[in-house]
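Colleague: I am attaching a structure below and will ask some questions about it afterwards.
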Amino acid sequence: MYYRGGGDDSVILSAFSTDGLCWREEPGERVGLRGEFVRLGSSDMVALPEGYRIYFAADDGERWKIYRAESPDGLNWGAETCCIDTGPHDLPHVQDPSIVTFEGCYQMYFMRFSARETHIYTSISSDGLQWSEMQCCQGLSDAQTAFVRTPNVVPLDDGNWRMYFAENTWRSALGSRIASAVSSDGLQWRRDEGIRLHPGGELDGQGVFCPEVVRIGDRWKMYYGGYWNKHWLAPYTLFRHRPR
């Protein structure tokens, strides 16, 4: 498992498990700040014939961009290269890459956002290096949802795709829930009825987000992030993630 760890100067760490339940943290950082980045965001990894490639979001002090790096063993990663950058724009930031493969191509889904709005976009690549013009995914929001983010897309047996994503009526992650939608072309999406996961558990009372769904045999397992319940840092957490 690759995951974001740390606070305002977060990096990408990893842990290993033999059963998907009990995890052992691996020493060191998988991707650090390297003097170039202010903080790192979430990531996604794909296997290559000769190793692995990781895609991750990073804030370089101006805006969030998506980078890639390669590794022979999944632990030691080489130099990073920027692969998704909007440039100065009304929606200048990109985060939360999710990679799917089909017919020898790669398709990346990611959040594109500003201080006032968030949307989920997609881009296609034949080699995982050069990416097509970004296109906005349609049909994810509804009357009660203004902000969608943290996409994770998985293939279905019938040839369609299902996207799991966090949504909220305001931009903060506090109070967010996880919904899903289905698509046959990766651009036009039809929301599934109901909500996949609400906050309110012992460790995720303030919001759930960043779903990562994997198939194990004939069952599915979701890993996700959650804001915990009342604690001594609650005032600071609420201050950091209030609507702006």
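Colleague: Just in region 119-195: which GluC sites (Glu not before Pro) are loop by DSSP and have at most 10 other Cβ atoms within 10 Å?
Modeller: Listed in order of number, the matching sites are Glu133, Glu193.
Colleague: Suppose R0 equals 22 Å; then what is the FRET efficiency for Trp170 and Tyr223 from their Cβ-Cβ distance, rounded to the nearest 0.05? Kindly include the intermediate steps, with their values, before the conclusion.
Modeller: On the way: r = 25 Å, r/R0 = 1.13.
Calculated transfer efficiency: 0.35.
Colleague: I need the per residue convex hull volume for the chain, using only the alpha carbons, in cubic angstrom as a whole number.
Modeller: Taking the convex hull of the Cα positions in the chain, it is 147 Å³ per residue.
Colleague: Right, here's the next one. Once a ≥ b ≥ c are taken as the square roots of the eigenvalues of the Cα gyration tensor of region 1-128, is the result rounded (a/c under 1.5), prolate (a/b larger than b/c) or oblate (a/b not larger than b/c)?
Modeller: oblate
Colleague: Moving on to the next point. Using 0.36 nm times the number of residues separating Asp9 and Trp23, minus their current alpha carbon distance, what extension gain do you get? If you can, show how the numbers build up before the last one.
Modeller: Working: separation 14, 0.36 × 14 = 5.04 nm, distance 2.33 nm.
Full-extension gain reported as 2.7 nm.
Colleague: Rounded to whole Å, give me the distance from the Cα center of region 152-210 to that of region 73-137.
Modeller: 18
Colleague: With springs only between Cα atoms under 10 Å, which of Arg171, Arg116, Arg63 fluctuates most in a Gaussian network model of the chain?
Modeller: So, out of Arg171, Arg116, Arg63, the one fluctuating most is Arg116.
Colleague: Multiplying the sequence separation of Asp185 and Ser126 by 0.36 nm and subtracting their Cα-Cα distance, what value in nm do you get?
Modeller: Once the chain is fully extended between Asp185 and Ser126, it gains 19.6 nm.
Colleague: How much length is gained if the chain between Cys105 and Leu156 is pulled fully straight, taking 0.36 nm per residue apart and subtracting their Cα-Cα distance, in nm to one decimal?
Modeller: 16.7 nm
Colleague: Taking only C-alpha pairs under 8 Å that are 6+ residues apart, what is the relative contact order of the chain in percent?
Modeller: 10
Colleague: Charges at C-beta only: +1 for Lys and Arg, -1 for Asp and Glu. How large is the resulting dipole of the chain about its Cα centre, in Debye rounded to 20?
Modeller: Charge dipole of the chain: 840 debye, to the nearest 20.
Colleague: Out of Gln144, Gln206, Gln107, any idea which swings most in a Gaussian network model of the chain, alpha carbons joined below 10 Å?
Modeller: Evaluated over the chain, the most mobile residue of the options is Gln144.
Colleague: While we're looking at this one, here's another question. How high is the relative contact order of region 41-171, in percent, counting Cα pairs under 8 Å that sit 6 or more residues apart?
Modeller: Worked out over region 41-171, it gives 16 percent.
Colleague: What accessible area per residue comes out for region 5-147, rounded to a whole number of Å², with a 1.4 Å probe?
Modeller: On the way: 6960 Å² over 143 residues.
Dividing the accessible area of region 5-147 by its residue count gives 49 Å².
Colleague: Leaving out ligands, DNA and RNA, what percent of the accessible area of region 1-157 is carbon and sulfur, probe 1.4 Å?
Modeller: 48
Colleague: Taking Cα pairs under 8 Å and at least six residues apart, what relative contact order does region 89-233 come out at, in percent?
Modeller: 16 percent.
Colleague: Can you bin region 74-116 into rounded, prolate or oblate? Criterion: square roots of the alpha carbon gyration tensor eigenvalues sorted a ≥ b ≥ c, rounded for a/c under 1.5, prolate for a/b above b/c, oblate for the rest.
Modeller: Since a/c reaches 1.5 but b/c is at least a/b, the shape of region 74-116 is classed as oblate.
Colleague: 222 nm [θ] for the chain, helices only, -39500 (n - 2.57) per DSSP H run of 4+, per residue, to 500?
Modeller: Here the helix-only value at 222 nm equals -500 deg cm²/dmol.
Colleague: While we're looking at this one, here's another question. Projected onto the charge dipole of region 1-66 (+1 at Lys/Arg Cβ, -1 at Asp/Glu Cβ, origin at the Cα centre), which of Trp64, Leu48, Val31 gives the Cα projection farthest towards the positive end?
Modeller: Farthest towards the positive pole: Leu48.
The values are calculated or read from the model by the stated rules, or taken from the named source; none is laboratory data. Keep in mind the model is a prediction, meaning the values are calculated, not measured. Backbone-built Cβ (ideal geometry, glycine too); neighbour counts: all protein chains shown. For accessibility, only protein heavy atoms count, side chains too; no ligands or nucleic acids. Shrake-Rupley method; radii C 1.70, N 1.55, O 1.52, S 1.80 Å.
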